């Protein structure tokens, strides 16, 4: 299978079931909502080292947000149920609560599994906090030096998917980066999906474990590292000299598939030789995204 | 639907008009519920034409200014009153919604005599004026008054929210422990409230937007995102409550 002359390898991306919450952050301007969202999603690229994965899903206009101000929705994922509220409480408390003008709302209101994140953060108010029930939802008003910080009492948690991916195999680093940027731009408006790595792109894809260091749970993906072609069992063709990976997390499998379809098509451009995907033989993750099936 | 069939010359205590109670009753059973008219026991059907059954959505028609206790203790459902209601509307209610297209008498959303708590949940919307002691001893819930309010509005509130669009009489919020009185019109504050600051409360934005979309309340953008003076009080009590008075855009 080829798209614009780029070979689509007969392989699949292997992804995992995670727990996901959607956080809506609003601010007096989009600038301040974004400042909070960027801090909240900072150092949240991979559960391997960050214990959570997060990213900005999309911007929201005033007509879409609960308080009629500009905002952003953020997806936040962890591997298990217990760590999601822990991460949210720590991170929202240190990033959104501290950021001028922002307020924080649940983006999964219909989900029955509720995390009492706002309820936990209320104690920052040191007894001066107050709650209000509006339209059946409880909100906490936490007095701060600026005025008041408003946060919804509970946030929904549901099963999500983490680790969807595809690899861009290019003739050189410049073409790989151009293709990756085109893919990220194309996926920017895809609902239910985030790209948790810097700029949406990963240059250091990993394999499970280590050939040399027992303590390492992930090390460089030597099979796709061009400088190691001569010294390892490489999976790269002779003409490929740079590989970049796009990692996708989302609320569900179909959202990931839809985003991969758009992203891969955008990445198929001159200088790119093939599109591949990372997997572990299908034994670790229950979600398998077959490239050719997605693009058919 | 309940339609009043005769003009009332005495107060009619009809605290049986409770939507969540009606949800389990037939038309005949609703008509046989007991009321008190001028101190004498009677049946609801003696004064109202009842149509429909087993529904928690109830509509009332007629001049109900002498009908007392409508929605008392209701815990759910919707009650729409096409006109004005008498005193004790939504007395000690715990849930559901009451929408009065006209005004309401004294003690709307208030407490039963001698009881510590008034309404403990739900929403009351009064499009006209209310009498004295609206929202008195409220523990939780929302009371919205589009017109003027009488004396002692929100008196001894424990928590909850009262939103007042018109002019409010003296003694509003006296002995209030917690809870919020949001005054978009003029209000006479007790001297035991203390000015805190002028700011834009984020929850008022949310609350007024909710009223605009849920109940079609004509709230201006200047009120939604406006500045409010915060007065803490009542310092004759806990002092953890507030009067938020609109101060313009």
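Coordinate-derived values only; no laboratory data. Nothing here was measured: the structure is a model prediction, and the numbers come from that model. Quick reminder, even Gly has a Cβ in these numbers, built from the backbone with ideal geometry, and neighbours come from all protein chains shown.
Our compactness index for segment B:4-148, the C-alpha radius of gyration over the empirical 2.2 N^0.38 Å, is 0.94. When the alpha-carbon atoms of segment B:58-116 are used, the pair Rg, Dmax equals 10.6, 33 angstrom.
When B:208, B:8 are arranged by Cβ crowding within 10 Å, least crowded first, meaning fewest neighbours, the order is B:8, B:208.
Could you work out the percent of alpha carbon pairs in the protein assembly as shown separated by over 37 Å, rounded to a whole number? Don't jump to the answer; show the numbers that get you there.
Working: 69079 of 148240 pairs.
Counting every Cα pair in the protein assembly as shown, those more than 37 Å apart make up 47 percent.
Can you pull the Kirkwood radius for segment A:30-145, inverse mean 1/r over Cα pairs, to one decimal in Å? Mean inverse Cα-Cα distance, inverted, gives 15.0 Å.
Over 18 Å, how big is the tail of the calculated P(r) for segment B:1-87, in percent of all Cα pairs?
Beyond 18 Å sits 32 percent of the P(r) for segment B:1-87.
Across all C-alpha atoms in segment A:95-174, the radius of gyration and Dmax reach 18.5, 61 Å.
Across q = 0.21, 0.25 Å⁻¹, segment A:183-241 modelled as identical point scatterers on its alpha-carbon atoms has Debye log10 I(q)/I(0) values of -0.90, -0.99, in the order of the q list. Shape verdict for segment B:206-249, please, from the Cα gyration tensor: rounded (a/c under 1.5), prolate (a/b greater than b/c) or oblate. Oblate, since a/c reaches 1.5 and b/c is not below a/b. Taking 51 Å as R0, compute the FRET efficiency from the Cβ-Cβ separation of residue B:26 and residue A:252 and round it to 0.05. E(calc), rounded to 0.05, equals 0.65. Compared with the dominant Cα axis of chain B, that is its longest principal axis, helix B:202-215 is turned about 30°. Cα centroids of segment B:200-217 and segment B:106-179: 18 Å apart.
By how many nm would the segment from residue B:199 to residue B:7 grow when fully extended, if each residue of separation counts as 0.36 nm and the alpha-carbon distance is taken off? Let's see the in-between values first.
Values: separation 192, 0.36 × 192 = 69.12 nm, distance 4.92 nm.
Stretched out fully, the residue B:199 to residue B:7 stretch lengthens by 64.2 nm.
Taking one quarter of the surface of the C-alpha convex hull of segment B:112-232 gives a mean projected area of 6.8 nm². Look at the Cα gyration tensor of segment A:212-296: its axes a ≥ b ≥ c give a/c of at least 1.5 with a/b at or below b/c, and that counts as oblate. Considering only B:184, B:60, B:33, the Gaussian network model of chain B with Cα springs below 10 Å gives its largest mean-square fluctuation to B:33.
Diagonalise the Cα gyration tensor of segment A:128-241 and give the resulting equivalent ellipsoid semi-axes, square root of 5 times each eigenvalue, largest first, whole Å.
Values: eigenvalues 403, 73, 36 Å².
Working through the eigenvalues yields semi-axes of 45, 19, 13 Å.
Once Rg and the Kirkwood radius are both taken over the C-alpha atoms of chain B, their ratio Rg/Rh works out to 1.00.
How much FRET efficiency would the formula 1/(1 + (r/R0)^6) give for residue A:227 and residue A:64, where r is the Cβ-Cβ distance and R0 is 56 Å, rounded to 0.05?
Values: r = 46 Å, r/R0 = 0.83.
Efficiency for this residue pair is about 0.75.
Rounded to 0.05, the FRET efficiency of the residue A:219 and residue A:98 pair, given R0 = 35 Å and the Cβ-Cβ distance, is 0.45. Take each residue in B:202-212, count the other chain C-beta atoms within 10 Å of its C-beta, and the mean is 6. With the cut-off at under 12 Å, measuring from each backbone N in segment A:145-189 to a point 7 Å along the Cα-to-Cβ line of residue A:4 picks out A:176, A:178-186.
Here the convex hull built on the C-alpha positions of segment A:1-92 has a volume of 153 cubic angstrom per residue. Taking the 0 to 90 degree range and rounding to the nearest ten, how far is the long axis of helix A:30-40 tilted relative to the main principal axis of chain A, both from C-alpha atoms? Helix A:30-40 and the main axis of chain A meet at about 70 degrees. For segment A:119-156 versus segment A:235-296, the inter-centroid distance based on Cα atoms is 42 Å. Calculated mean residue ellipticity, 222 nm, the protein assembly as shown: -4500 deg cm²/dmol, from DSSP H runs (n ≥ 4) at -39500 (n - 2.57) each, averaged per residue and rounded to 500. In the frame of its principal axes, segment B:27-70 has Cα extents of 29, 20, 15 Å, reported largest first. The alpha-carbon positions of chain A define a convex hull whose volume is 140 Å³ per residue.
Can you give the mean number of other chain Cβ atoms that lie within 10 Å of the Cβ atoms in peptide A:125-136? Can you show the working numbers first?
On the way: counts 0, 0, 1, 1, 0, 8, 4, 11, 9, 11, 9, 2.
Counting Cβ atoms of other protein chains within 10 Å of each residue's Cβ and averaging gives 5.
Between segment B:42-78 and segment A:179-200, the C-alpha centres lie 57 angstrom from each other.
One compactness figure for segment B:103-142 is 1.08, namely its Cα radius of gyration divided by 2.2 N^0.38 Å.
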